[in-house]
1. With the dipole of the chain worked out from charges on the C-beta (+1 for Lys and Arg, -1 for Asp and Glu) around the Cα centre, which of Trp183, Val82, Thr353 lies farthest toward the positive end?
2. For Lys559, go through the lysines and keep the ones whose alpha-carbon is under 22 Å away, minus same-chain ones fewer than eight residues off.
3. Could you name the aspartates and glutamates in cross-link range of Lys271, using Cα to Cα under 17 Å and dropping any fewer than eight places away on the same chain?
4. All other residues with a Cβ under 12 Å from the Cβ of Trp302 taken together, and with Lys, Arg as +1 and Asp, Glu as -1, what is their net charge?
5. Which residue, Tyr623, Phe583, Pro570, has the largest displacement toward the positive end of the dipole of the stretch 517-634 when charges sit on each Cβ (Lys, Arg +1; Asp, Glu -1)?
6. Taking the Cβ of Ala554 as the center, what net charge do the other residues with Cβ under 12 Å away carry, scoring Lys and Arg +1 and Asp and Glu -1?
7. Just one of [x] 40, 33, 24; [y] 56, 41, 23; [z] 52, 26, 21 is semi-axes √(5λ) of the Cα gyration tensor in Å as worked out from the coordinates here. Which one is it?
8. Dipole magnitude of the chain about its Cα centre, charges +1 at Lys/Arg Cβ and -1 at Asp/Glu Cβ only, in debye to the nearest 20?
Amino acid sequence: MSGRSRLIAAALFVATAFAATAAAAGPGPVPAPRPARPGPLRTHASRLPWHSSAARVVPHQVVVVWKGDASVADRRAVTARVGATTVAPTPRVGVDVVRVPTGRSTVGAIGALRRSPLVRFAEPNRIARFAGTPPNDTFFTDQWALDNAGVDHPLTAYPADGFPYGETDAGTVGADVHALDAWTTTTGDASVVIAVLDTGVDDMHPDLAGQLVSGWDFVGNDPTPRPGDGLENSHGTHVTGIVAALQGNGLGISGICPGCKVMPVRIGTKKGLTLGNELKGIDFAIQNGADVINMSFTSPVWSEAERAAIAKAGRHDILVVVAAGNSSMDNDIEFYDHLSASAYAPAFPATYTLPNILSVAATNDRDQYAYVSQCRGSGVPRYRCGFTSWGHDSVDVAAPGVDVISTVKQGQGPVGGVDPDYDVWDGTSMATPMVAGIAGLVRSQHPAWTAVQVKNAIMHGVNRPSSLKLYDEWADDTHVGTKLLSGRFTRTNGRVDAGKALTAQTSNATPRTDGNIDGARSITAKRTGTISWPADDNDVFKRRLVKGNTYRIALDGPKGKDLDLWVWRPKTKEIFQFTASCFSSPSCPPFQAASARPGTADEAVRVTAGRTGTYYLQVNGWYSGGSYTLTVTKV
């Protein structure tokens, strides 16, 4: 694949010096220059009135109304014949809700039930809304991510690249997190605290009044974590508004969890954030009772200290919601460009295999993986405007992260924008607090649930629209930008749903796979396997090697494919465990050897074990796949 170069040996690690900062995962990347598409500024008068979104049903559930002569035994028999089970049986009521097993046709079950002489009615268990007054927040109809009515909303502007302020477009009805469904049950509880580790929060913003608890500024070592001057320092304020802006105050926007509280923790500025401040921020959140931590930033550096801090948060029952990144890359595949001395994937902390991390990709208003919306009206191929990163093993869910309107530092909204106190941004930084807010709703409704149970419910409660596809440049350099790629791009292959998350099951949603160190399979002399992008990028094997012995490890793959071979030393925790030293010196402790030549599936290395222990052998498909044979021979 042209234009890419991969890090395969310590010599390449020396090619760059890594600055000890992490980058915010939003706003999104700046596209290449392109012609502007003129469009009028949209006024309030052009907004359509409140209306209901598409009809929704409870998946796999059927409502059965029985005839008066149907006994309890008769009901059970009829239900059993269609393979269904009764949900919460209610005595002396002639109505049952039955669940149809996954994999069985709900439509078919309804037909079978209707044919029974004992059944009066059988139909899907549909969801309705309470008729009431909608939120009166000024820009609520622009918050397509909360309730997508399919009407015009403002698009994120990139003026320097020909994408001006004032552009609007409409999305797909129902391509949203279904916040209104969740709010019929809860809008959040003030006892639930979501820590926002970011650039600080404008605590004087009227749409955030009363929504904050005490935080800390680790940049200025001050108890008031206010942001610096300028729109560019409003990242934390924008994130906070998405989580918990006031609802129903006749002003601005509504947060996804307006009843929750936000703990503002300033750990960086527009220039980035240091690991030291991040660790202090995580510890502060732990010590001060946060239930959820939002971290809308990424780094290409694997950090033992960062990983340990997040694990500690897990031991204190804190869910950590993190951004997948804006590199438009697969986090299950390493990408390092030695020409620009830049690493793009994987992204951390998103790629740590910790049970209390919930990693988030971004979607748009049409339930597609995120790209800059203004590309739709330009001559630029959409795949060049894609920005969300993903990963079947390393990213859990997707959430709206395009054209998201939220609070910014007062008066810093750009000229030509929607309002001096608000702005519209792109990024997985915006998708992450959407999920952190949903976690707040779930925690409010189920205070006894653990952080991992909250995570599981969010993952089990996703929607999987058929439109959830990807424009991606790296997968196919030959296409012209009109091709949408299908596949399983996250663990769940779904977009979050706040309403469903409140009632979803809490069983383990992240079983171990052989795609990482913790699920490695044993190999003695030879193993065969198959990998396929994007659903199964990696197979990892483990083998005990003896100190001083030399081994030849060979990968024989299919012709015309691009498979790579990596060898990791004992005690490696994750694949692609590149620490800071890997980017600044010849030393790269977890890394043993690799053969990653572009354009071939046959690779081989010779390894002399420096110590006796369990080594890890990784077969990686570089945006490719196929069947292979892996052999280990002592030489």
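Bear in mind these aren't lab numbers, they're just calculated from the coordinates by the rules spelled out. All of these numbers come straight from a predicted model, not from anything done at the bench. Neighbour counts are summed over all protein chains in view; Cβ atoms, including those assigned to glycine, are modelled from backbone coordinates with ideal geometry.
1. With unit charges placed on the Cβ atoms, the residue in question is Val82.
2. Straight-line reach from Lys559, under 22 Å: Lys526.
3. Reachable aspartates and glutamates: Asp198, Asp217, Asp229, Glu232.
4. Numbers: positive: Arg307, Lys573; negative: Glu304, Glu306, Glu334, Glu574.
Local net charge: -2.
5. Pro570
6. Numbers: positive: Lys526, Arg527, Arg552, Arg606; negative: Asp556, Asp602, Glu603.
Once all neighbours under 12 Å are counted, the net charge is +1.
7. The calculated read-out lines up with [x].
8. Values: 60 positive and 57 negative charges, 548 e Å.
With only Lys, Arg, Asp and Glu charged at Cβ, the dipole is about 2640 debye.
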